[in-house]
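S.K.: Structure below; questions to follow.
The values are calculated or read from the model by the stated rules, or taken from the named source; none is laboratory data. Bear in mind that the values here come from a model prediction, so they are computed numbers and not experimental data. No Cβ is skipped: glycine too gets one built from the backbone with ideal geometry, and neighbour counts run over all protein chains shown. Quick note on the areas: whole protein, heavy atoms, side chains included, nothing else; ligands and nucleic acids left out. Shrake-Rupley method; radii C 1.70, N 1.55, O 1.52, S 1.80 Å.
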There are 6 protein chains.
Amino acid sequence: MKIKALYTGSFDPLTNGHFNIIERAAKLYDEVTVGVIVNPSKKSMFTLEEREDMIKEALKDFDNVKVEHFSGLLADYVNSNKFNVVVRGLRATMDFEYEIQMAQMNARLFDSSVETVFLMTDPGYSFISSSMMKEVHSLGGSIDGLVPESILKRMNEKLACK
Amino acid sequence: MKIKALYTGSFDPLTNGHFNIIERAAKLYDEVTVGVIVNPSKKSMFTLEEREDMIKEALKDFDNVKVEHFSGLLADYVNSNKFNVVVRGLRATMDFEYEIQMAQMNARLFDSSVETVFLMTDPGYSFISSSMMKEVHSLGGSIDGLVPESILKRMNEKLACK
Amino acid sequence: MKIKALYTGSFDPLTNGHFNIIERAAKLYDEVTVGVIVNPSKKSMFTLEEREDMIKEALKDFDNVKVEHFSGLLADYVNSNKFNVVVRGLRATMDFEYEIQMAQMNARLFDSSVETVFLMTDPGYSFISSSMMKEVHSLGGSIDGLVPESILKRMNEKLACK
Amino acid sequence: MKIKALYTGSFDPLTNGHFNIIERAAKLYDEVTVGVIVNPSKKSMFTLEEREDMIKEALKDFDNVKVEHFSGLLADYVNSNKFNVVVRGLRATMDFEYEIQMAQMNARLFDSSVETVFLMTDPGYSFISSSMMKEVHSLGGSIDGLVPESILKRMNEKLACK
Amino acid sequence: MKIKALYTGSFDPLTNGHFNIIERAAKLYDEVTVGVIVNPSKKSMFTLEEREDMIKEALKDFDNVKVEHFSGLLADYVNSNKFNVVVRGLRATMDFEYEIQMAQMNARLFDSSVETVFLMTDPGYSFISSSMMKEVHSLGGSIDGLVPESILKRMNEKLACK
Amino acid sequence: MKIKALYTGSFDPLTNGHFNIIERAAKLYDEVTVGVIVNPSKKSMFTLEEREDMIKEALKDFDNVKVEHFSGLLADYVNSNKFNVVVRGLRATMDFEYEIQMAQMNARLFDSSVETVFLMTDPGYSFISSSMMKEVHSLGGSIDGLVPESILKRMNEKLACK
């Protein structure tokens with residue numbers, strides 16, 4: 001049985017919470033695709049291209065992980081690419097009600113062979129989110145250890161350019 | 001004892017979750033008014049008139065249900081129309097904390113004879129919302145069985161006109 | 001439309017949280033039955049007879065409320081007595097997940113015309129329960145205003161007899 | 001990559017909620033072991049042997065599912081049998097806080113290659129539990145469609161023997 | 001040991017929920033600073049100056065409470081002013097998940113001697129928020145007893161000026 | 001202002017989650033009393049005397065912490081000993097609803113000058129409890145780093161004596 005997994009998000013930017021889920025998914029599945037959501041109406045700190053580059057750089061040591069982007073209905077992307085599982089991270093302090101709502105809607109839309117599986121976020125990362133990372137960093141607070149080092153370097157460069 | 005019930009919402013559009021609550025309220029109360037909230041500052045897919053028409057069409061088989069709209073403070077509308085109960089649907093995966101907050105505020109504002117009563121949404125509809133229906137439908141996903149058939153027809157027409 | 005409502009519990013003893021729900025139900029429904037659950041395997045402070053007496057005394061001013069007891073499956077009692085609604089109180093700080101589970105099971109077991117309806121407990125009573133009342137009272141703490149006066153008198157008598 | 005999954009429980013008895021999780025796990029993993037927890041201090045309706053037999057019978061159509069039992073620390077059983085994933089079902093109306101607590105404790109005790117993965121229980125089964133099934137069934141209520149047919153037969157036999 | 005406490009918020013406007021927390025904090029700590037958050041990008045009913053004035057007026061009877069404002073990272077303000085505790089109010093019906101997320105992020109950013117402490121909001125105020133107060137008041141509903149009298153006077157004046 | 005704080009529990013045994021709260025309380029308050037709850041009807045692993053000894057040993061480096069025990073109503077103990085605050089730890093994954101219920105009941109029973117204050121448990125300890133520690137330890141699992149070293153030594157001795 002060869003299992004193709006998908007992990008999606010805006011990743012603006014990738015945090016260590018995301019990294020931790022991807023690292024664990026890479027052990028569980030034969031192939032993990034990180035799918036960056038294209039959402040032109042949502043203002044982002046990094047462009048789609050920058051985000052894809054940054055994720056590739058952060059994940060360059062994983063042989064079975066690749067980075068793509070998609071737009072439109074998640075279920076169309078999942079069904080047409082024949083993913084077997086969609087991986088989601090659950091944080092203790094958040095997410096559960098929203099995630100269960102999406103999982104139940106997607107259970108209708110996904111091909112019947114596709115499953116949403118949840119991994120519990122490491123408690124040390126359960127309080128972080130991309131938006132909190134951006135806010136704290138932009139105000140000069142330290143986010144050391146909460147985003148991959150290569151990501152922090154890019155955030156510092158972006159902040160310096162403003 | 002004759003009980004007049006009110007069920008309010010934006011209904012942009014009415015879903016089968018709403019329909020299910022109205023259907024059950026119609027068995028419990030002598031008269032059920034579906035009160036469409038007029039909120040000019042909120043962008044909607046359907047105009048107020050369209051929404052009222054669509055609800056009337058979907059509910060045309062219920063003798064004791066009528067459709068109205070209102071603006072301003074809910075409590076003013078409730079008190080001046082002498083409703084006895086305000087019906088709310090509770091979804092397992094959401095809503096509870098917001099609903100209890102509103103119910104407690106309204107307990108102060110409603111006439112003392114008015115009660116907020118809650119019906120549990122059918123688990124099969126517990127994950128759907130108007131905004132999710134619009135998003136999935138606009139991206140080409142199937143929402144068959146999640147909104148009344150007459151509503152789906154109107155959504156298809158609206159999408160074709162864009 | 002004549003609506004017969006049922007409100008069940010162990011009522012060992014009745015608290016002001018219960019009283020508040022019954023008082024409000026009595027305004028909403030033509031007839032409210034307080035159904036005391038007979039559960040021989042559960043140790044209680046007051047006997048079934050005492051509990052029925054105490055509730056009758058506390059509710060003697062309500063013309064449309066009566067007190068009964070039942071054993072076995074709730075749905076059998078509900079269906080055979082042709083109740084129209086089963087009233088439940090929801091406390092902000094508790095109950096929601098358990099209540100939704102029971103409501104969904106009962107939706108299968110009740111006749112299709114029967115509904116479970118929820119009233120939000122008054123915030124001033126949201127923290128009280130029969131077992132907490134018994135524990136605090138037995139340790140000499142004041143529960144004045146948290147149970148009806150006639151109930152408190154009976155609790156004092158029972159404590160004195162020990 | 002060959003993935004061995006474990007799904008544990010008391011299964012006293014197996015419900016359709018359990019069955020649904022096992023059925024889905026069997027599509028995701030090369031081998032699924034149903035591990036019945038041996039807990040002599042907990043009174044059960046069916047003996048360990050009966051429960052294993054009943055699960056085998058209910059799952060006889062799944063080629064990659066086998067039934068075992070274990071006692072002691074879950075982590076010892078998982079580590080020594082080299083399971084790769086431990087599957088848990090999450091019900092919308094319950095479980096989340098307990099499950100995250102166990103997952104975080106087990107993350108310390110499991111070998112580093114072992115993951116706890118969560119599947120969301122089908123909303124149609126989100127309200128059922130073994131203990132509720134036993135209670136409703138023993139009181140004569142219908143649990144048709146909530147447990148596998150072969151299980152219901154065994155529950156009827158057990159009830160007749162009492 | 002002399003403890004300097006900080007209580008922050010937008011206070012647009014101060015409610016009796018806020019007032020209740022400040023009153024209780026003033027008994028627990030030697031000095032309580034009410035820190036008004038400066039957030040130019042967020043539209044407010046009252047200007048920063050108005051809000052500071054209104055809070056001072058409402059709290060004029062407390063000797064150990066003072067009012068300040070700050071912008072930027074909360075942790076910078078806390079660390080540089082050597083506050084010992086940051087006080088937060090928890091409402092039964094809301095807040096918990098957001099608050100725990102912020103507390104965990106701040107535990108990293110605060111000096112190691114700084115603690116976030118939580119007081120439970122009085123149940124009588126657990127349903128109110130500044131935004132709900134503004135909405136209900138602007139629609140003509142009574143918020144008497146939910147905001148300090150001096151604040152209500154200022155809200156009435158502001159509404160009259162529109 | 002001199003503040004006397006109380007932190008209560010069964011402490012059967014003290015965990016690093018408890019230790020962490022006490023350590024932080026000792027920085028915030030002039031005097032912290034660890035109050036061991038005497039509950040003869042609850043079976044414990046360690047006797048009251050053992051638990052008091054173990055806590056004293058684990059906390060021997062804190063000058064302003066002392067260990068006592070009490071029985072009966074918490075509020076009586078708090079009021080008669082003139083404690084100013086009762087400290088509670090909140091774990092992300094649990095506790096909140098129970099804690100708010102107790103805090104609201106105690107607000108009635110405590111002298112008006114007494115406050116319940118909550119500290120958020122460190123995320124690294126949010127999943128541990130005394131009962132889980134005992135269960136995992138008794139089954140041979142490692143709880144290293146989850147209880148103080150001196151406590152673990154006592155647990156090992158107790159287990160060896162069985």
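S.K.: Which of the residues spanning region E:105-136 are more than 21 Å from B:Glu99 (Cβ to Cβ) and open to solvent by less than 10 Å² (accessible area, probe 1.4 Å)?
M.R.: Scanning region E:105-136 gives E:Met105, E:Val117, E:Phe118, E:Leu119.
S.K.: Out of all the residues in region F:86-93, is one or more of a type in the set (Ser, Thr, Tyr) and either free of Cβ contacts under 8 Å to residues at least 24 places away in the same chain or open to solvent by less than 60 Å² (accessible area, probe 1.4 Å) (or both)?
M.R.: Keep residues of region F:86-93 that are of a type in the set (Ser, Thr, Tyr), which gives F:93.
Then drop every residue that is not either free of Cβ contacts under 8 Å to residues at least 24 places away in the same chain or open to solvent by less than 60 Å² (accessible area, probe 1.4 Å) (or both), which leaves F:93.
Yes, region F:86-93 contains a residue that is of a type in the set (Ser, Thr, Tyr) and either free of Cβ contacts under 8 Å to residues at least 24 places away in the same chain or open to solvent by less than 60 Å² (accessible area, probe 1.4 Å) (or both).
S.K.: Then there's this: Scan region E:100-117 residue by residue and report those that are within 14 Å of chain A (Cβ to nearest Cβ) and either assigned to a strand (DSSP E or B) or closer than 24 Å to F:Arg108 by Cβ (or both).
M.R.: Passing the criteria: only E:Thr116.
S.K.: Only one of these conditions is not met by E:Thr121: (1) within 14 Å of chain B (Cβ to nearest Cβ); (2) over 18 Å from the mean Cα position of the chain (by Cα); (3) of a type in the set (Ser, Thr, Tyr). Which number is it?
M.R.: Result: E:Thr121 passes all but (2).
S.K.: Of the conditions (1) more than 20 Å from F:Val85 (Cα to Cα); (2) at pLDDT below 90, E:Leu90 satisfies every one except a single condition; which number is it?
M.R.: (1)
S.K.: Could you tell me which residue of region A:70-97 is nearest to A:Asn16 (Cα to Cα), considering only residues that are out of contact with any Ser or Thr (no Cβ under 8 Å at 6 or more places or on another chain) and facing chain B (nearest Cβ under 10 Å)?
M.R.: A:Phe96
S.K.: Quick one: D:Met1 ticks every box in (1) assigned to a loop (DSSP other than H, G, I, E, B); (2) surrounded by fewer than 20 Cβ atoms within 10 Å (Cβ to Cβ); (3) touching a helix residue (DSSP H, G or I) at 6+ places or on another chain (Cβ under 7 Å); (4) not charged (D, E, K, R) bar one, so which box is it?
M.R.: Every listed condition holds for D:Met1 apart from (3).
S.K.: Can you name the residue in region D:13-31 that is over 11 Å from the mean Cα position of the chain (by Cα) and not basic (Lys, Arg) and is also nearest to D:Ser130 (Cα to Cα) among such residues?
M.R.: D:Glu23
S.K.: List the number of the failed condition for B:Ile151; all other conditions in (1) in contact with a strand residue (DSSP E or B) (Cβ under 7 Å, 6 or more places away or on another chain); (2) in a helix (DSSP H, G or I) hold.
M.R.: (1)
S.K.: Moving to a separate point now. May I ask you to say which residue of A:Glu31, A:Glu50 is modelled with pLDDT of 95 or more, more than 30 Å from A:Cys161 (Cα to Cα) and of a type in the set (Asp, Glu)?
M.R.: Going through A:Glu31, A:Glu50 in turn, the sole match is A:Glu31.
S.K.: Here are some residues: A:Ser10, A:Ser80, A:Ser71. Which one is within 21 Å of A:Met132 (Cβ to Cβ), open to solvent by 20 Å² or more (accessible area, probe 1.4 Å) and among the small types (Gly, Ala, Ser)?
M.R.: Every option except A:Ser10 fails the conditions.
S.K.: Output yes when any residue across region B:14-21 is surrounded by fewer than 15 Cβ atoms within 10 Å (Cβ to Cβ), on the phi < 0 side of the Ramachandran plot and more than 14 Å from chain E (Cβ to nearest Cβ), and no when none is.
M.R.: Within region B:14-21, not a single residue is surrounded by fewer than 15 Cβ atoms within 10 Å (Cβ to Cβ), on the phi < 0 side of the Ramachandran plot and more than 14 Å from chain E (Cβ to nearest Cβ).
S.K.: On to the next question. Any chance you could count how many residues in region A:27-65 are assigned to a loop (DSSP other than H, G, I, E, B), in contact with a strand residue (DSSP E or B) (Cβ under 9 Å, 6 or more places away or on another chain) and β-branched (Val, Ile, Thr)?
M.R.: 1
S.K.: Here's another thing I want to ask about it. Counting only residues that are over 30 Å from E:Asp144 (Cβ atoms) and either in contact with a Cys (Cβ under 6 Å, 6 or more places away or on another chain) or not small (Gly, Ala, Ser) (or both), how many does region B:105-162 have?
M.R.: Quick first cut of region B:105-162, residues over 30 Å from E:Asp144 (Cβ atoms) only: B:119-162.
Among the residues that remain, those that are also either in contact with a Cys (Cβ under 6 Å, 6 or more places away or on another chain) or not small (Gly, Ala, Ser) (or both) are: B:119-123, B:125, B:127-128, B:132-137, B:139, B:143-144, B:146-149, B:151-159, B:161-162.
Selection size over region B:105-162: 32.
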